[in-house]
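Here is the structure we will look at, set down as structure tokens.
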Amino acid sequence: MKGIILAGGLGTRLYPLTRATNKHLLPVYDRCMIHYPIETLLRAGIKDIMIVTGGPHAGHFLPVLGDGKKLGIPHLEYTYQEGEGGIADALNLCEDFAGGEPIFVALGDNVTDADFSPEVKNFDGGARIFLAKVKNPSAYGVAEFDAKDAKRIIGIREKPRRPPSQLAVTGFYIYDANVFRYVRRLKPSARGELEITDVNNLYLRDGKLAWSKIKGFWCDAGENHEYLLLAGMTVAKLKKTGKRA
């Protein structure tokens, strides 16, 4: 399985910090934000990684990450996303890199101490999303469950005004090679982007979407300044107890 980290965008929710650099290079305690999803992939046994970036500060990744060898990445590639086409559009740039293999996709601003290696090892096709309980589900894609079966997802609603649950879709996904075929079926949303929620719903309609709840700490550090601070403070606490996110 190969790994893809999506680290593009303009980071407008973290202005003025992101006027200086890409948001995924902002500090979260003692490392850059991008280091956390990299370590998450490595912890899951994935060592063939591509980073998708974009915007005016894309070149800043090179002096931070280099060729990845010092970080324990045997093979690291980069690609550039033009404009703001959405997560699914960024993912679509990685089809050649995936080479027909399953992929583990991580958003570059997700910080967690979770271990995804069991799901990676046991993945047998389709798609798997990872959920977490949040206080503000309206800011995310939210899982809607069958009223008669609390474990069966019947839909994923993007930033709903009235969330059907508190379980948000985090920025971690596992897909088989069919994901690129699904992306090609998408049409831009109202905000002009190809939505990853639409990809997940297509898998769901075909009966090929599974889910897991994240075990441990998870934070969308790029959501706002408060979450960026929360991520750093939590990582500091984990480090003091001998753990690392």
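The values are calculated or read from the model by the stated rules, or taken from the named source; none is laboratory data. Quick caveat: nothing in here was measured; it's all calculated off a predicted structure. Cβ placement follows ideal geometry from the backbone for every residue including glycine, while neighbour counts extend to all protein chains displayed.
Key figures
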read-out: Some residue of segment 14-28 being under 25 Å from A245 (Cα atoms), out of contact with any helix residue (DSSP H, G or I) (no Cβ under 8 Å at 6 or more places or on another chain), surrounded by fewer than 18 Cβ atoms within 10 Å (Cβ to Cβ) and among the basic types (K, R); value: no
read-out: Close pairs (6 angstrom Cβ cut-off, 6 or more residues apart or separate chains): over 17 Å from H60 (Cα atoms) in segment 1-21, among the small types (G, A, S) and outside any strand (DSSP E or B) anywhere; value: K2/A98
read-out: Cβ-Cβ under 6 Å pairs, at least 6 apart or on other chains, segment 126-153 side closer than 15 Å to W218 by Cβ, far side of a type in the set (F, W, Y) and assigned to a strand (DSSP E or B); value: I129/Y173; I129/W211; F130/F172; L131/W211; A132/W218
read-out: Matching residues in segment 179-188 - criterion: being in contact with a helix residue (DSSP H, G or I) (Cβ under 8 Å, 6 or more places away or on another chain) and in contact (Cβ under 8 Å) with a residue 24 or more places away in the chain; value: V179, F180, V183, R184, L186
read-out: Criterion: within 15 Å of the chain's Cα centre (by Cα), surrounded by fewer than 23 Cβ atoms within 10 Å (Cβ to Cβ) and basic (K, R) - qualifying residue of K240, K213; value: K213
read-out: Helices (runs of 4 or more DSSP H) wholly inside segment 45-138 that include at least 1 residues being among the aromatic types (F, W, Y) and crowded, with 20+ Cβ neighbours inside 10 Å; value: 61-65
read-out: Lone qualifier among A127, A139, A168, A177 - being in contact with a Lys or Arg (Cβ under 9 Å, 6 or more places away or on another chain) and closer than 24 Å to A98 by Cβ; value: A127
read-out: Filtered residues of segment 32-44 (kept if touching a residue at least 60 places away in the same chain (Cβ under 8 Å) and either surrounded by 22 or more Cβ atoms within 10 Å (Cβ to Cβ) or in a strand (DSSP E or B) (or both)); value: M33, I34, Y36, P37, T40, L41, A44
read-out: Unique residue being hydrophobic (A, V, I, L, M, F, W, C), touching a strand residue (DSSP E or B) at 6+ places or on another chain (Cβ under 9 Å), closer than 21 Å to P37 by Cβ and modelled with pLDDT under 95 when the list is A168, A221, A139; value: A139
read-out: Residue under evaluation I154, criteria (1) surrounded by fewer than 18 Cβ atoms within 10 Å (Cβ to Cβ); (2) over 28 Å from N224 (Cα atoms); (3) among the aliphatic types (A, V, I, L, M); (4) within 16 Å of the chain's Cα centre (by Cα), criterion not met; value: (4)
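Per-residue answers, yes or no, for (1) in contact with an Asp or Glu (Cβ under 8 Å, 6 or more places away or on another chain); (2) modelled with pLDDT of 95 or more; (3) closer than 23 Å to K215 by Cβ:
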| residue | (1), (2), (3) |
| --- | --- |
| R31 | no, yes, yes |
| G66 | no, yes, no |
| Y78 | no, yes, no |
| D96 | no, yes, no |
| V105 | no, yes, yes |
| A114 | no, yes, yes |
| R128 | yes, yes, yes |
